[in-house]
Amino acid sequence: MDYLVRGKFVVTMQPRYGTQGVIRNGAVVVSGRDVVEVGPYRDLKPAYPNATVVGSSRYWVIPGFVNAHQHGKGLTDFQLGGMDDCFEISRFAGDARAGLDPYLDVLYACKTMIESGITTCLHYNSSSSPDTYEAGVNERLRAYRDAGMRVSFGLDIRNRNHIVYGDEEFLASLPASLRDQAMERYSTARTAAPDDYFRVARRLAGELGGDGGRARLFLTPAGPQWCTEELLRAIRREASEHGLGIQIHVLETKYQRSYFLREYGRSAVQWLADLDFLKPDVSLAHGVWLNRRDIATTAAKGAALVHNPSSNLRLRSGIAPLMHFHAAGVRLGMGLDSSPLNDRPDMLQEMRLAANLQRIPGAGPGLMPLADIFRAATAGGADILGWGGSGTLEPGKRADLVLVDSRPIVEPYLARHQSPVDALIYRGGAGAVDTVMVDGEILYRGGKHVRLDEKAFLKEVKRKITPAPRRKAGGVDARLLPRVREFLESHEEHPVEPFYKFNDAG
Ligand SMILES: [Zn+2]
């Protein structure tokens, strides 16, 4: 089917249409899966008389958003009964959470992402047991296929530090009975063992990523503190051999920072650089606690960084120094990490949060421009996830695009000289997303899903949720948690020099 997708503005991201790449009263010609032409609507309409027109001057046309880091969790941790606490602590309420089967959960995640204009994502798999690892991976992949989203599917693995950063020392500090219970509950890997991991990876590398598919394989080791040097070297080799991308959580929290300083006498980024792990096919998720040298190293290695401002706030991780990454020339993407600020995906709001969190007091220069934040959430993320054939609206690219209803943005008045990209970031929200196209296929139109029978699907989700059990007082977690807090804090001795200063308590 050929489409002529028109709007008052078409944000192409092509420099030939100005710094923000915007065509006024423009259109995008889509044939099959591809964008074949962009330009003024009045020129394209007569040239493609048989194309179906989608949109009108009420809409703006933009490239689809790329959620470059998320875990395929449709129901949020909060909805399921999780604790609202810092990252390390919130992991300890596993049994008090409600459950939903992985297929339905990922399909629900896709539904909410599509509704917010996200066309591509990185799925960072979160497995719960080696026994169900492969089946879980297959089910989640099936959900992405059924949803129609473009996905870089990341296989997770971890093989050390299952409880805290420094399991041996921590376990040795516990009374014997609590130690046994803690080991029974937490000290075994919840992912596949390395041999199984690479077997699954090889099978999927053969199955995915063929021309025309919407899924490709990524290797996503959980993080340097959770993977041994030997495992990371094997992953590095595997990725290079098979042309796979890598994403890894790096320095999300201050406790991860202090672990590397105490264990290795250097930061996690320097440790990874010394392993020759960092290359342009690697993206770091979070990076809240990178220092100046780490940022320079990341840039020099050509590695990318995926910024997750909502999640970093909610999990008490901190505020990543976005403008310093940008100034150093680090390639950037944006991610929602399955824990966005409103508890539902909204990439427009996430960009607004990123834009505002960097606004330190004063009139000094150096803020990351809004257009570059928009680029990170579209073309930048697509490039990081190995989908460079999409992410902008230009001939030859895959047709991944979104129609945004401009009324909530421009009503009752918006000065003519304000750039539409700036206006989207300051005034846009997921609610304004009207139509979503992936690979030339319309998945969402007029606020309604095309593939998904929404009513029946929501009914099934409700029916299949296993409710959260009542939290037991005095259980293992309740006894373990104060010890974990104490352990984490006892190792936090390194002074912090903040990138951003918001006030002064002196
Ligand atoms: Zn994550």
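None of the figures in this text is laboratory data; all of them are computed from the coordinates on show. Note that the coordinates shown come from a computational prediction; the quantities given were computed from them, not determined experimentally. Heads up, the Cβs are rebuilt from the backbone with ideal geometry, glycines too, and the neighbour counts pull from every protein chain shown.
Give the order of S283, S173 when sorted by the count of other beta carbons within 10 angstrom, beginning with the fewest. Mind dumping the intermediate values first?
On the way: S283 30, S173 14.
With the fewest neighbours first, S283, S173 line up as S173, S283.
Which residue, L341, V137, L178, has the largest displacement toward the positive end of the dipole of segment 65-384 when charges sit on each Cβ (Lys, Arg +1; Asp, Glu -1)?
L341
Return the sequence-ordered ³J(HN,Hα) values of segment 338-354 in whole Hz as given by the Karplus equation 6.51 cos²θ - 1.76 cosθ + 1.60 applied to θ = phi - 60°, using x for Gly and Pro.
6, 9, x, 4, 8, 6, 8, x, 7, 5, 5, 5, 5, 5, 5, 5, 4
For D346, list long-range residues whose amide hydrogen, built 1.01 Å from N in the peptide plane, is under 5 Å from its own amide hydrogen.
HN-HN under 5 Å from D346: empty list.
If packing is taken as the mean number of other Cβ atoms within 10 Å per residue, what is the order of 309-317, 289-297, highest first? Numbers along the way, then the final one.
On the way: 309-317: 21.9, 289-297: 19.4.
With the highest mean Cβ count within 10 Å placed first, the list reads 309-317, 289-297.
Which cross-chain or sequence-distant (5 or more) residues have an amide H under 5 Å from the amide H of A399, H modelled 1.01 Å from N in plane?
D34, V35, D439, G440
Once a ≥ b ≥ c are taken as the square roots of the eigenvalues of the Cα gyration tensor of segment 65-384, is the result rounded (a/c under 1.5), prolate (a/b larger than b/c) or oblate (a/b not larger than b/c)? Could you put the intermediate results ahead of the total?
Details: a/c = 1.28, a/b = 1.11, b/c = 1.16.
Since a/c stays below 1.5, the shape of segment 65-384 is classed as rounded.
Against the longest principal axis of the chain, how steep is helix 102-115, in degrees 0 to 90 to the nearest 10, with axes from Cα atoms?
The helix 102-115 is inclined about 40 degrees to the chain.
Considering only C-alpha atoms, what is the centroid distance from segment 175-242 to segment 476-506, in Å?
29 Å
Expressed as a rounded percentage, what relative contact order does segment 65-384 have, with Cα pairs under 8 Å and six or more residues apart? Before the final figure, lay out each step's value.
Values: 574 pairs, mean separation 63.3, N = 320.
Once divided by the residue count of segment 65-384, the mean separation gives 20 percent.
Which listed residue (A423, L480, G206) has the Cα farthest towards the positive end of the charge dipole for the chain, taking +1 on Lys and Arg C-beta and -1 on Asp and Glu C-beta about the Cα centre?
Toward the positive end, the furthest listed residue is A423.
Rg to Rh for segment 60-161: what is it, with Cα atoms only and Rh by Kirkwood?
Rg/Rh for segment 60-161 comes to 0.99.
When the dipole is taken about the Cα centre of segment 65-384, and only Lys, Arg (+1) and Asp, Glu (-1) are charged at their Cβ, what size is it in debye, to the nearest 20?
Numbers: 36 positive and 38 negative charges, 167 e Å.
The calculation lands at about 800 debye.
Restricting the count to DSSP beta bridges whose residues both fall in the chain, what percent are antiparallel, rounded to a multiple of 5?
Values: 31 of 66 bridges.
Counting only bridges with both partners in the chain, antiparallel ones make up about 45 percent.
For the chain, find the longest principal axis of its Cα atoms and tell me its angle to the long axis of helix 254-264, 0 to 90°, nearest 10.
So the helix axis and the longest Cα principal axis differ by about 60 degrees.
Check F218: other-chain or 5+ apart residues with amide H under 5 Å from its amide H, H built from backbone geometry?
F153, G154, L155
Pairing the Cα long axis of helix 176-186 with the longest principal axis of the chain, what angle in degrees results, from 0 to 90 and rounded to the nearest 10?
Around 20 degrees separate the two axes.
Let me make sure I get this right: for segment 312-417, a, b and c are the square roots of the gyration tensor eigenvalues over alpha carbons, sorted descending. Under 1.5 in a/c it's rounded, otherwise prolate if a/b > b/c, else oblate. Which is it?
rounded
Is segment 352-490 rounded, prolate or oblate when judged by the Cα gyration tensor, a ≥ b ≥ c being the square roots of its eigenvalues, rounded requiring a/c under 1.5 and prolate requiring a/b larger than b/c? Provide the component values of the computation, followed by the final result.
Details: a/c = 2.05, a/b = 1.31, b/c = 1.56.
Verdict is oblate for segment 352-490.
Which entries of K397/K448; K8/K448; K111/K464; K111/K301; K111/K279 have Cα-Cα distances beyond 27 Å here?
Details: K397/K448 25 Å; K8/K448 22 Å; K111/K464 17 Å; K111/K301 36 Å; K111/K279 33 Å.
With Cα atoms farther than 27 Å apart: K111/K301; K111/K279.
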